[in-house]
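Peer 1: Mind having a look at this structure? Questions to follow.
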Amino acid sequence: MPKRIRLGVNIDHVATVRQARGVSYPSVVHAGHIAELSGADLITVHLREDRRHIQDTDVRALRESLQVPLNLEMALTDEMLDIVLSVKPDWACLVPEKREELTTEGGLDVAGQLQRVQDVCQALQQAGIKVSLFVDPDREQIQASGASGADAVELHTGTYANQVKKAQQEELQRLSLASQQAGTLGLQVHAGHGLNRHNVLPVAGLEAVEELNIGHALIADAVFLGLAESVAGMRRLLDQAR
Ligand code: PXP
């Protein structure tokens with residue numbers, strides 16, 4: 001088992017608070033710095049088509065000022081591809097996006113649009129950007145991800161996070177099988193969505209998983225604990241898992 005699991009801190013919801021009032025604070029860049037000082041191995045943001053939280057200027061400012069890698073979540077649109085190619089984050093994570101959803105609801109249908117995914121992966125990789133695909137823990141999607149040329153899959157843990165006990169165990173088993181399948185195909189395995197301090201340990205204990213991306217719960221905990229302690233507390237928890 002790799003010793004240390006990487007913690008990606010998603011700071012979208014710092015921007016959510018700012019956008020709620022249309023003011024200039026709290027600063028997303030400041031949040032990124034505190035997170036990296038507190039144990040984040042990478043910073044993740046999602047530039048959504050409707051710009052509901054993160055703005056184009058945030059992405060460029062983070063690119064210029066972060067010490068740790070930047071992971072930019074993007075929908076498979078020509079607009080996003082142009083932006084990501086010009087910003088050049090370290091990683092791009094391809095996600096499905098629907099305007100009306102509260103948050104990313106399901107994994108990307110890689111199998112159903114393999115040629116498009118292959119083309120986008122190739123364009124990003126030629127620009128020196130590594131690519132992960134946010135997919136459900138589903139055999140067909142993992143197989144297609146292996147064929148797409150992507151560097152990694154990010155397994156969608158939202159279903160796991162939303163279930164109660166027995167169903168959660170079953171979903172954990174699906175995540176475990178999917179992580180092994182992806183590893184066998186030579187893909188790095190990341191995971192995320194809906195994770196928090198109460199449900200993260202079993203996922204962090206999956207041997208093939210190298211990285212977790214966590215956002216909403218960390219920013220929610222930061223309201224009471226401060227961002228530094230919220231991130232540092234998650235880091236301590238992840239270290240217990242291995
Ligand atoms: N990974 C991906 C691909 C996501 O879209 C999100 C949500 O933006 C996350 C991880 C983080 O999810 P959460 O905010 O529920 O921790």
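The values are calculated or read from the model by the stated rules, or taken from the named source; none is laboratory data. Being a predicted model, the structure only gives us computed values, none of them experimental. All Cβ positions, glycine included, derive from the backbone under ideal geometry; neighbour counts span all protein chains shown.
Peer 1: Can you tell me which of 29, 68, 14, 84 is assigned to a loop (DSSP other than H, G, I, E, B), β-branched (Val, Ile, Thr) and at pLDDT 95 or above?
Peer 2: Numbers: 29 fails: assigned to a loop (DSSP other than H, G, I, E, B); 14 fails: assigned to a loop (DSSP other than H, G, I, E, B); 84 fails: assigned to a loop (DSSP other than H, G, I, E, B).
When all the criteria are applied, what remains is 68.
Peer 1: If you scan region 204-233, which residues turn out to be touching a helix residue (DSSP H, G or I) at 6+ places or on another chain (Cβ under 6 Å), assigned to a helix (DSSP H, G or I) and either more than 10 Å from the ligand (Cβ to nearest atom) or at pLDDT below 95 (or both)?
Peer 2: Within region 204-233, 204, 221, 222, 227, 228, 230, 231 qualify.
Peer 1: Can I ask one more? Out of 75, 35, report the one residue that is over 22 Å from residue 131 (Cβ atoms), within 16 Å of the chain's Cα centre (by Cα) and within 14 Å of the ligand (Cβ to nearest atom).
Peer 2: 35
Peer 1: Determine which member of the set 130, 98, 88, 166 is charged (D, E, K, R), more than 26 Å from residue 63 (Cβ to Cβ) and either away from the ligand (no atom under 13 Å from the Cβ) or in contact with a His (Cβ under 9 Å, 6 or more places away or on another chain) (or both). Full working, then the answer.
Peer 2: Details: 130 fails: more than 26 Å from residue 63 (Cβ to Cβ); 98 fails: either away from the ligand (no atom under 13 Å from the Cβ) or in contact with a His (Cβ under 9 Å, 6 or more places away or on another chain) (or both); 88 fails: more than 26 Å from residue 63 (Cβ to Cβ).
Residue meeting the stated conditions: 166.
Peer 1: Determine the pairs where a residue that is closer than 20 Å to residue 84 by Cβ, located within region 37-52, has a partner that is within 12 Å of the ligand (Cβ to nearest atom) and at pLDDT below 95 with Cβ atoms under 7 Å apart, the partner being 6 or more residues away or on another chain.
Peer 2: 48/97; 49/97
Peer 1: Please work out if residue 204 is within 18 Å of residue 168 (Cβ to Cβ) and touching a Lys or Arg at 6+ places or on another chain (Cβ under 8 Å).
Peer 2: Numbers: within 18 Å of residue 168 (Cβ to Cβ): yes; touching a Lys or Arg at 6+ places or on another chain (Cβ under 8 Å): yes.
The answer is yes for residue 204.
Peer 1: Also, quick follow-up: Kindly indicate which of 147, 178, 161 is more than 13 Å from the ligand (Cβ to nearest atom), modelled with pLDDT of 95 or more and under 18 Å from residue 213 (Cβ atoms).
Peer 2: 178
Peer 1: Okay, next question. Kindly indicate the residue of region 36-64 that is part of a loop (DSSP other than H, G, I, E, B) and of a type in the set (S, T, N, Q) and also nearest to residue 74 (Cα to Cα) among those meeting that condition.
Peer 2: The selected residue is 55.
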